[in-house]
Amino acid sequence: MAAIKKTETPAIPDYWAEACKHLSKKDRVMRRLIPQVGDVAFQRRGDAFSTLARSIVGQQVSVATAQRVWDKFALLPRSMTPRGVLKLKVDDMRAAGLSARKVDYLVDLALHFDNGQLHVKQWSQMDDADIVAELVAIRGISRWTADMFLIFHLARPNVLPLDDATLIQGISQHYFSGDPVSRSDAREVGEAWKPWCSVASWYIWRSLAPLPVDY
């Protein structure tokens, strides 16, 4: 999925400073990376439906293409809501640049929200695994997308997204001198990050990118 520029008002998670202090104390790499990155943090975005819709639009295309298609698609409904998307014509969605598969995915996403299959109001009290199970039941939502949603929308502090290639690359670079890294290796590194795996993952991403990571 490509990251897409967002315009919603951000909010830095209130646990960020505590997490950085813990990670700097427990992990030698974090002790170095956190000061290098400086006084920044990832910022929560939402609403839930738009966030997931953007993730679908951005799959397997460049950032620029994803933004261009989203801008066209977002003009179609009166409001970017499940009901608004369900009222759209397939031909209009295709004309905005969406593939037939992504149209199907967006419709399925809207149906899941509209018919109450997702326990959105209960997510704040639900375990990460239960939320992931709900999300991956939606066509076009992978475990990776669900993990990004947990981190960047719900601001869950302890998500280790092992399906993220950039995270694996960063762990290889910072912990294994560039040698290949298995999921088991990455999971072992993540043990030292608990209960702040999301924060550590963000710093790994940020260490490899000149711009803040935003999904």
- Counting only residues that are over 15 Å from the mean Cα position of the chain (by Cα) and under 16 Å from Trp205 (Cβ atoms), which one in the range 117-175 is surrounded by the most Cβ atoms within 10 Å (Cβ to Cβ)? Gly170
- Task: Please enumerate the residues belonging to the range 136-148 that are part of a loop (DSSP other than H, G, I, E, B), touching a Phe, Trp or Tyr at 6+ places or on another chain (Cβ under 6 Å) and touching a residue at least 60 places away in the same chain (Cβ under 8 Å).
- Result: Gly140
- Some residue of the range 120-135 being in contact with a Phe, Trp or Tyr (Cβ under 8 Å, 6 or more places away or on another chain) and modelled with pLDDT under 95: yes
- Message: Cβ-Cβ distance below 9 Å, separation of 6 or more or different chains: which pairs start in the range 12-31 with a residue that is closer than 11 Å to Pro195 by Cα and touching a residue at least 60 places away in the same chain (Cβ under 8 Å) and end on one that is charged (D, E, K, R) and part of a helix (DSSP H, G or I)?
- Response: Leu23/Arg31
- From Met126, Met93, Met148, grab the single residue that is touching a helix residue (DSSP H, G or I) at 6+ places or on another chain (Cβ under 9 Å) and more than 29 Å from Leu162 (Cβ to Cβ). Met93
- Would you say Val159 is farther than 30 Å from Leu23 by Cβ, hydrophobic (A, V, I, L, M, F, W, C) and touching a helix residue (DSSP H, G or I) at 6+ places or on another chain (Cβ under 8 Å)? no
- Message: Could you list, ordered by first residue, the pairs with Cβ atoms under 8 Å in which the first is in the range 191-205 and under 7 Å from Asn158 (Cα atoms) and the second is open to solvent by 10 Å² or more (accessible area, probe 1.4 Å) and among the aromatic types (Phe, Trp, Tyr), at least 6 apart or interchain?
- Response: Trp196/Tyr15
- Query: Would it be correct to say that Ala155 is farther than 16 Å from Gly58 by Cα, at pLDDT below 95 and in contact with a Pro (Cβ under 6 Å, 6 or more places away or on another chain)?
  - Reply: yes
- Message: Looking only at the range 94-116, filter to residues that are of a type in the set (A, V, I, L, M) and under 16 Å from Leu52 (Cβ atoms); which one of those is surrounded by the fewest Cβ atoms within 10 Å (Cβ to Cβ)?
- Response: Leu111
- Query: In the range 63-90, how many are touching a helix residue (DSSP H, G or I) at 6+ places or on another chain (Cβ under 7 Å), modelled with pLDDT under 95 and of a type in the set (Lys, Arg)?
  - Reply: 1
- Kindly check whether there is at least one residue in the range 45-56 that is open to solvent by 30 Å² or more (accessible area, probe 1.4 Å), within 19 Å of Ser198 (Cβ to Cβ) and either among the polar types (S, T, N, Q) or at pLDDT below 95 (or both). yes
- Query: List the pairs whose first member sits in the range 90-115 and is farther than 17 Å from Val61 by Cβ, whose second member is in a helix (DSSP H, G or I) and among the acidic types (Asp, Glu), and whose Cβ atoms are under 7 Å apart, counting only residues at least 6 apart or on separate chains?
  - Reply: none
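The values are calculated or read from the model by the stated rules, or taken from the named source; none is laboratory data. All of these numbers come straight from a predicted model, not from anything done at the bench. All Cβ positions, even for glycine, are placed from backbone atoms using ideal geometry, and neighbour counts span all protein chains on display. Ligands, DNA and RNA are excluded from the accessible area calculation, which covers all protein heavy atoms including side chains. Shrake-Rupley method; radii C 1.70, N 1.55, O 1.52, S 1.80 Å.
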